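Here is the structure we will look at, set down as structure tokens.
The values are calculated or read from the model by the stated rules, or taken from the named source; none is laboratory data. Because the structure is predicted, anything quoted here is derived from the model rather than measured. All Cβ positions, glycine included, derive from the backbone under ideal geometry; neighbour counts span all protein chains shown. Remember, those area values only see protein heavy atoms, side chains included, never the ligands or the DNA or RNA. Shrake-Rupley method; radii C 1.70, N 1.55, O 1.52, S 1.80 Å.
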Amino acid sequence: MMKWYTGNGTDNPGFISRSWWEGAALFLACLNYWHATNDTTYNEEVSVALQHQGGSNGDYLPSWAVAEYKFPNRPSGDTWLTLAERVFYNQKSPNGGGWDTTICGGGLRWQKDVWQGGYTMKNSVSNGGFFMLAARLAWYTQEDEYAKWAEKVWDWSTSVNLVNNKTWEVADSVSQGTGGPNGCTLPDHTRWTYNYGTFLSGAAYMYAYTNDHKWLDITNNLMDALFATFFLPQYGGVISDRCEPSGQCDEDANRPIFKGLTVSWLADIALIIPSLKEKILPKLQVSAEGAAKACTGNGQNLCGNRWWGGKYDGQNSMENAMSGSQMMSAIMVKFLDSSSKPVSTATGGNSSSDPNAGTEEASKSSQLPPVTTADKAGAGILALLFVAGIIGGVTFLLMGP
């Protein structure tokens, strides 16, 4: 995977030119690898890139931050927790292009600026990411403000049926229009693993923070829906996105990354809610065996896209390498014990916070380049990718230009 990355040798560490948010997924995979193996080989590259992408104002818009697994802070500059909190406050602030009630009654827009395609869309990965960010900050800081916002995002997402809390289907998006509630269209029926994964991870952290069985029930229901939708018997129970049989999982749209993110969140849930570990492990085991057979390309461990074919399918790409790496780190959860559980300030978390992080007005983000196919697939993760990535623990918000 790291053979594809050369960004730290440039004047813009952390940036991957082929897609403006892929750096988040790449460094999340590195952090998960570090946490699962204790191998620090890539930690300096990750640390330099993460802080560089924080921007001159430290607003991490777009960005990441790292606290749950005690990833060391840089010698100077803002702490990972401070950067994560600034992202949260930007996402909740209408002035920062965040929470918006002018269409659909709430939610984050898919794109921040009116001139961008998709400006009138509210999608699952943006809002599921915000939900996850708020829930994980609630867990880490033990502060109710974040939990209240997580509840707010969840309630809105179910009100417009991005998440159907009866069937537990997770749609891709709704848009301004008619047919659905709150002046929105009915949700589309496109299904992606990572949309389910963002809400699933957020619900698990809400349970870990509140100990309210409402959230445990939600976690179980979403997990059952994820397993039923994407771990299909015709593919041997190996996780697969819907684009795989046709061979249309276009790396330019980042789709091969989605399932890698999802399995990493499942591994994280197995640590944060130990009672679910035995439910999760068999699914990870079967998928890891499939991925191992798929990552045998050309005698160089090149990873293909389909993990259920029993062999390398010839679709070598950076994105497939990311997901393969995530899968191998995720299965390591079977060897980890409670000492590897994500920490909070109550259980050893040591990342300090800037007391002004929550009161500063979110700064304006720089102009984004024209929207591409890749941007459309991942723009929501954009809003806040990974809040503290599972086994690696980072709060990601996506890298900008």
Quiz item: Residues in region 60-81: is at least one open to solvent by less than 60 Å² (accessible area, probe 1.4 Å), in a helix (DSSP H, G or I) and either in contact with a Pro (Cβ under 7 Å, 6 or more places away or on another chain) or at pLDDT 80 or above (or both)?
Solution: yes
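Which is crowded, with 18+ Cβ neighbours inside 10 Å and free of Cβ contacts under 8 Å to residues at least 24 places away in the same chain, of 304, 324?
Testing whether each residue is crowded, with 18+ Cβ neighbours inside 10 Å and free of Cβ contacts under 8 Å to residues at least 24 places away in the same chain leaves just 304.
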Quiz item: Among the residues of region 253-273, is there at least one that is part of a loop (DSSP other than H, G, I, E, B), at negative phi and either under 18 Å from the mean Cα position of the chain (by Cα) or at pLDDT 95 or above (or both)?
Solution: yes
Exercise. Would you confirm whether any residue within region 188-195 is hydrophobic (A, V, I, L, M, F, W, C), surrounded by fewer than 22 Cβ atoms within 10 Å (Cβ to Cβ) and more than 18 Å from residue 281 (Cβ to Cβ)?
Key: no
Quiz item: Is it the case that some residue within region 158-168 is at pLDDT below 95 and of a type in the set (Gly, Ala, Ser)?
Solution: no
Self-check item: Only one of 26, 50 that is modelled with pLDDT of 90 or more, out of contact with any Ser or Thr (no Cβ under 7 Å at 6 or more places or on another chain) and not aromatic (Phe, Trp, Tyr)
Solution: 26
Quiz item: Within region 1-20, is even one residue in contact with a Pro (Cβ under 6 Å, 6 or more places away or on another chain), in a helix (DSSP H, G or I) and at pLDDT 70 or above?
Solution: yes
Quiz item: Do we have residue 268 as open to solvent by less than 20 Å² (accessible area, probe 1.4 Å) and over 20 Å from residue 240 (Cβ atoms) here?
Solution: yes
Quiz item: Can you tell me which of 277, 283 is open to solvent by 10 Å² or more (accessible area, probe 1.4 Å), closer than 20 Å to residue 211 by Cα and not polar (S, T, N, Q)?
Solution: 277
Quiz item: For region 122-169, what are the residues that are in contact with a Ser or Thr (Cβ under 8 Å, 6 or more places away or on another chain), open to solvent by 10 Å² or more (accessible area, probe 1.4 Å) and of a type in the set (Val, Ile, Thr)?
Solution: 141
Quiz item: If you scan region 196-208, which residues turn out to be of a type outside the set (Phe, Trp, Tyr) and open to solvent by less than 10 Å² (accessible area, probe 1.4 Å)?
Solution: 197, 198, 200, 201, 202, 203, 204, 206
Quiz item: Just checking, how many residues over region 225-248 are in a loop (DSSP other than H, G, I, E, B) and either without any contact (Cβ under 8 Å) to a residue 60 or more places away in the chain or more than 26 Å from residue 30 (Cβ to Cβ) (or both)?
Solution: 10
